[in-house]
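Below you'll find the structure, written out as structure tokens, and then a few comments.
The values are calculated or read from the model by the stated rules, or taken from the named source; none is laboratory data. Every value quoted in this text rests on a predicted model; they were computed, and no experiment measured them. Neighbour counts are summed over all protein chains in view; Cβ atoms, including those assigned to glycine, are modelled from backbone coordinates with ideal geometry.
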Amino acid sequence: MNKIIRVTSEFSFEMAHVLNNYDGPCRNVHGHSYRLFVTLAGIPVNDVGNPKNGMVIDFTELKKIVLNTIINQFDHSVVVSSDFDREKLGMIKNAFGNTVVVDYQPTCENLVSDFAERLVKEIPGGIKLHNLRLFETARSYAEWFAADNEFPPTSR
Amino acid sequence: MNKIIRVTSEFSFEMAHVLNNYDGPCRNVHGHSYRLFVTLAGIPVNDVGNPKNGMVIDFTELKKIVLNTIINQFDHSVVVSSDFDREKLGMIKNAFGNTVVVDYQPTCENLVSDFAERLVKEIPGGIKLHNLRLFETARSYAEWFAADNEFPPTSR
Amino acid sequence: MNKIIRVTSEFSFEMAHVLNNYDGPCRNVHGHSYRLFVTLAGIPVNDVGNPKNGMVIDFTELKKIVLNTIINQFDHSVVVSSDFDREKLGMIKNAFGNTVVVDYQPTCENLVSDFAERLVKEIPGGIKLHNLRLFETARSYAEWFAADNEFPPTSR
């Protein structure tokens, strides 16, 4: 059974964001029901005496990692770029219980990229963070793949 | 944040087709509720002054391209191969308001291949058409991937 | 149209399993509604005279292969490892109408790996078994990809 297998868990969280300077309706604070798919790759444990026999990772452990690293921080938060107007940011901080200030525009693309950076440090040795899929709406999503970024891309 | 990210939008359209000479029930005119997933890959804009900051492509622009190139032509149409019997084709053209004649058997496989050829020309520079997924029924689909076809395959 | 296209069909089956020695609730016999996605890759037939013109494989043929090779054996069965305690196995065999004994821990990872081994032998020439996705719950799944396993991995 010595094969590389990918395992995926789906998570969901409710989050508001603002797209600073965007020329569409998303420039205003608004929320989405995000869905995050986390995919790891590895060789399942092959050891009858190991309680994790047959698993790349115990789904319970994967869930714990993703909850601690991503969901517990971003669920029911409003995410704003540090470039955002200071006065408006103050108002948002007053109005929302949980404001997360990030150093990037919080588009679906940049969020999934940030989540990958956070998660990659938490995955146990011998297992690879293979890809993340982040649904922003029911019919649109962004994805980060380790394989797409193994060689540094030239900037756009 | 200088990472390659994939973005996907889902579309749907209602379409009838005929599979000429097929040895199953699909040889008769019949319809499906197709769902098309269009995936692009690129590096999100990293420029605070750009209204598209943080985006590979504005989802609004992606939708416009797919609607203009695919959906507006194929939605509520009947698609028939140019090999089809001329007399029957005439009858179909009379019976259906919107007949699209293509130079291939309109299976899910050939349709997704044709859609890729049409879309690849419309994607803005610096962004790659990564793959298309076309659901013909709720539980079956065909996919075209750029990477599968980068080197000309030998014919079957 | 001489392109490589991937085609996928979705299947579902109800199955119970036991994870021997596992340190969680799955050590008891319990069931899931599994969903299996089978993806093949090939060049669609390009021959007007062939009834399968435009197809990588007739979806009807793919369904027949997967039903015969996987679904008919595992649907409404209980799957147990041959390492399992002999006495308990006897009790399970008495209690369940259809017991499948396998030589591995029946996790989602090992099941999808086994299904790949079984299916790869049944796929017609010229077509490749590209990947399998097996949902164990509505929000978690394991995947086997041919490309991940083309070069023998070092053991864990």
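Out of the residues in the range A:43-65 that are aliphatic (A, V, I, L, M) and part of a helix (DSSP H, G or I), which is surrounded by the fewest Cβ atoms within 10 Å (Cβ to Cβ)?
The initial filter retains those residues of the range A:43-65 that are aliphatic (A, V, I, L, M), namely A:43, A:45, A:48, A:55-57, A:62, A:65.
Now restrict to residues that are part of a helix (DSSP H, G or I): A:62, A:65.
On the way: A:L62: 23, A:I65: 17.
Checking each candidate, the answer is A:I65.
Among the conditions (1) at the interface with chain B (Cβ under 9 Å from one of its Cβ atoms); (2) surrounded by 16 or more Cβ atoms within 10 Å (Cβ to Cβ), the only one that A:V79 does not satisfy is (1). Just one of (1) more than 15 Å from A:E14 (Cα to Cα); (2) out of contact with any strand residue (DSSP E or B) (no Cβ under 6 Å at 6 or more places or on another chain); (3) facing chain B (nearest Cβ under 9 Å); (4) not acidic (D, E) fails for A:Q105. It is (2). Contact annotation: residue pairs with Cβ atoms under 8 Å, 6 or more positions apart or on different chains, pairing a residue in the range A:34-62 that is facing chain C (nearest Cβ under 9 Å) and under 22 Å from C:R27 (Cα atoms) with a partner that is assigned to a strand (DSSP E or B) and among the small types (G, A, S), are A:V56/A:A41; A:V56/A:G42; A:V56/C:A142; A:F59/A:S9; A:F59/C:S140; A:L62/A:S9.
Identify the residue in the range B:1-23 that is of a type in the set (A, V, I, L, M) and within 14 Å of chain A (Cβ to nearest Cβ) and, among all such residues, is surrounded by the most Cβ atoms within 10 Å (Cβ to Cβ). The extreme case among them is B:I5. Of the set (1) in contact (Cβ under 8 Å) with a residue 40 or more places away in the chain; (2) surrounded by fewer than 15 Cβ atoms within 10 Å (Cβ to Cβ), all apply to C:K93 but (1).
Going by what's in this entry, would A:V48 be described as touching a helix residue (DSSP H, G or I) at 6+ places or on another chain (Cβ under 7 Å) and either aromatic (F, W, Y) or more than 17 Å from A:G125 (Cα to Cα) (or both)? No, not satisfied.
Among the criteria (1) more than 24 Å from C:F145 (Cβ to Cβ); (2) in contact with a Leu (Cβ under 8 Å, 6 or more places away or on another chain), the one C:L40 does not fulfil is (1).
Can you name every residue in the range A:108-154 that is under 25 Å from A:V80 (Cα atoms), assigned to a strand (DSSP E or B) and out of contact with any Cys (no Cβ under 6 Å at 6 or more places or on another chain)?
Taking the range A:108-154 first, the residues under 25 Å from A:V80 (Cα atoms) are A:108-122, A:131-145.
Imposing the further condition that a residue be assigned to a strand (DSSP E or B) reduces the set to A:131-137, A:140-145.
If the condition is that a residue be under 25 Å from A:V80 (Cα atoms), assigned to a strand (DSSP E or B) and out of contact with any Cys (no Cβ under 6 Å at 6 or more places or on another chain), then A:N131, A:L132, A:R133, A:F135, A:T137, A:S140, A:Y141, A:E143, A:W144, A:F145 are the ones that fit.
Residue-level check: of (1) of a type in the set (A, V, I, L, M, F, W, C); (2) surrounded by fewer than 18 Cβ atoms within 10 Å (Cβ to Cβ); (3) touching a His at 6+ places or on another chain (Cβ under 8 Å); (4) within 23 Å of B:Y104 (Cα to Cα), C:V29 misses just (4).
Within this structure, C:I70 fails the test of being among the aliphatic types (A, V, I, L, M), under 19 Å from C:K128 (Cβ atoms) and more than 23 Å from the chain's Cα centre (by Cα). Scanning the range C:1-42 for residues that are closer than 19 Å to C:A142 by Cβ, assigned to a loop (DSSP other than H, G, I, E, B) and under 21 Å from the mean Cα position of the chain (by Cα) gives C:V18, C:L19, C:N20. Counting the residues of the range B:103-120 that are crowded, with 16+ Cβ neighbours inside 10 Å and among the β-branched types (V, I, T) gives 2.
Looking only at the range A:66-95, count every residue that is part of a helix (DSSP H, G or I) and over 20 Å from C:S140 (Cβ atoms) and tell me the total.
Filtering the range A:66-95 for residues part of a helix (DSSP H, G or I) gives A:66-74, A:86-95.
Filter again for over 20 Å from C:S140 (Cβ atoms), leaving A:73-74, A:86-95.
Residues in the range A:66-95 being part of a helix (DSSP H, G or I) and over 20 Å from C:S140 (Cβ atoms): 12 in total.
Within the range B:143-156, can you find the residues that are more than 9 Å from chain C (Cβ to nearest Cβ) and modelled with pLDDT under 95?
The initial filter retains those residues of the range B:143-156 that are more than 9 Å from chain C (Cβ to nearest Cβ), namely B:146-147, B:150-151.
Answer for the range B:143-156, where residues must be more than 9 Å from chain C (Cβ to nearest Cβ) and modelled with pLDDT under 95: B:E150, B:F151.
Scanning the range B:121-142 for residues that are surrounded by fewer than 15 Cβ atoms within 10 Å (Cβ to Cβ) and either closer than 19 Å to B:I5 by Cβ or at pLDDT below 95 (or both) returns B:P124, B:G125, B:G126. Here is a check on your reading of the model: is A:T99 within 14 Å of chain B (Cβ to nearest Cβ) and among the polar types (S, T, N, Q)? Here the answer is no, as A:T99 does not meet what is asked.
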